1. Any residue at all in segment 96-111 that's at pLDDT 95 or above and assigned to a loop (DSSP other than H, G, I, E, B)?
2. If residue 320 passes every condition in (1) more than 23 Å from residue 138 (Cβ to Cβ); (2) within 16 Å of the ligand (Cβ to nearest atom); (3) surrounded by fewer than 18 Cβ atoms within 10 Å (Cβ to Cβ) but one, which one does it miss?
3. For segment 18-48, give me each residue that is touching a helix residue (DSSP H, G or I) at 6+ places or on another chain (Cβ under 6 Å) and free of Cβ contacts under 8 Å to residues at least 40 places away in the same chain.
4. Give the residues of segment 247-271 that are in a strand (DSSP E or B) and within 16 Å of the ligand (Cβ to nearest atom), sorted by residue number.
5. Among the listed residues 241, 293, which satisfies the condition of being within 16 Å of the ligand (Cβ to nearest atom), in contact with a helix residue (DSSP H, G or I) (Cβ under 8 Å, 6 or more places away or on another chain) and in a loop (DSSP other than H, G, I, E, B)?
6. Restricting segment 81-92 to residues that are more than 11 Å from the ligand (Cβ to nearest atom) and either over 20 Å from the mean Cα position of the chain (by Cα) or not in a helix (DSSP H, G or I) (or both), which is surrounded by the most Cβ atoms within 10 Å (Cβ to Cβ)?
7. Considering only segment 38-53, state which residues are buried (at least 21 other Cβ atoms within 10 Å of the Cβ) and closer than 12 Å to residue 185 by Cβ.
8. Just give me the residues in segment 122-141 being within 14 Å of the ligand (Cβ to nearest atom) and touching a strand residue (DSSP E or B) at 6+ places or on another chain (Cβ under 8 Å), in sequence order.
Ligand code: WQD
C-alpha cells in the first residue's frame, strides 16, 4: 500500500516525503513542478537512499490522474498541491479558484472511484481571517481576507460536506502557521521564485548578499516592539505533524481540523535579531509602511493536536533560523544550480 503525496516536490511536501520514507512508507509523488523542480527528487534520493516514483502531471489532467490510481495501490493521500501566493491570488482570483478548487474536486472524485477515502489536507491559519483573538483555537471564527485564503476555507467546507455524505471518509485538515527552516542536511529547503514574499527567506537572501536590506512592514502595531507577531514552526516539525495526522486518518473515520503551530509568537525584529545571533551576520533593515492585509498578531493554541495526534512542535526558533541559513548557504540560488 502506498501514500500518494500531491505537491510532494514542494517545500513542505518534500520534507514530509523524507519523513514518510524514513518511517517505512511507500510514497508516490504527483507534481506539476509549477512551484518546484525535479532536482528536489534527487535531493530526497540523496537523503533517503530511495528513488521516488513521481508523476509529472497536473491534477486537472483527469486521464493521467486515473493512470496513477490504476497503476498503484494507494492507501491514503496527503494533498499539498496548490497555488499559495496571497498577493498573486488577489490579482488572479479565477486562476486560484480554478487551480486550487477544481483540481481538488478532480482528486476527490478519483479517490472516491478507487475507494480511497483517507485524506490529509494542507490547510492554513489564513482561514482564521483577520481575527485578533489569540491564541487561535480550531473553533475560533473562520473567515478569509484574500482569494488564496478563501480557497483553503472553501475546500475545508467541501471536505466537511463530503464526510457528511459518506462517513467512511477520514480527513485531517492541517492549519499551518508560519513554516520556516529546512532539513538538517541543507539539501532541501524553501526556494521561493523571484523576490520572497515571506520574511525568513527574505532575511536569508539579504544575509547571502542577494538582497540589500529587509523592509520591516510597519512598527506601529499594538505589539511589544510595534512589529508584526507570528507563530513560526520548523518545517520538520510541520512534516511530523502530517505523519501523526496520517496515523489518525489510517485508523479513524471522521473529519478534524488541527492547528500546527508552536503556540508562541515572535515579532519581526525578534526574528531578525535571532537570525543575527545564529548566523553572526548583521541584517540591515528599514522600517516601512504596513503591508495591506497584514494583521498585528497571530499564533496558535496547539492543544488539540497535542491531545488527539500526540504532536508537539519541538524545535526552537534558533533551530529554525540556523537550518534556514544552512540551506541558503549551501544553495545560494536555491535548487537552480547555475
Ligand atoms: C511574517 C511577518 C509581515 C516580509 C503568509 C501567508 C500565510 C501563510 C504563511 C500560506 C509579518 C512581516 C514579511 C517582509 C516583513 N502561507 N514581513 N517584511 O504574512 O504571516 O503569512 O505566509 O499558507 O497564508 O499569508 O508571513 O512571512 O509574509 O510575514 O516585515 O519582507 O513578517 O508583516 O508580520 P504571513 P510573512
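The values are calculated or read from the model by the stated rules, or taken from the named source; none is laboratory data. Remember, it's a predicted structure, so these values are computed and weren't measured experimentally. Here the Cβ positions follow ideal geometry from the backbone for every residue, glycine too, while neighbour counts run over all protein chains shown.
1. no
2. Going through the list (1) more than 23 Å from residue 138 (Cβ to Cβ); (2) within 16 Å of the ligand (Cβ to nearest atom); (3) surrounded by fewer than 18 Cβ atoms within 10 Å (Cβ to Cβ), residue 320 breaks only (3).
3. Listed by number, the residues that qualify are 21, 27, 48.
4. Within segment 247-271, 257, 258, 259, 260, 266, 267 meet the criteria.
5. Working: 241 fails: in a loop (DSSP other than H, G, I, E, B).
Being within 16 Å of the ligand (Cβ to nearest atom), in contact with a helix residue (DSSP H, G or I) (Cβ under 8 Å, 6 or more places away or on another chain) and in a loop (DSSP other than H, G, I, E, B) holds for just one of 241, 293, which is 293.
6. Among them, the one singled out is 81.
7. 43, 44
8. If the condition is that a residue be within 14 Å of the ligand (Cβ to nearest atom) and touching a strand residue (DSSP E or B) at 6+ places or on another chain (Cβ under 8 Å), then 122, 123, 124, 125, 127, 128, 129, 130, 131, 132, 134, 136 are the ones that fit.
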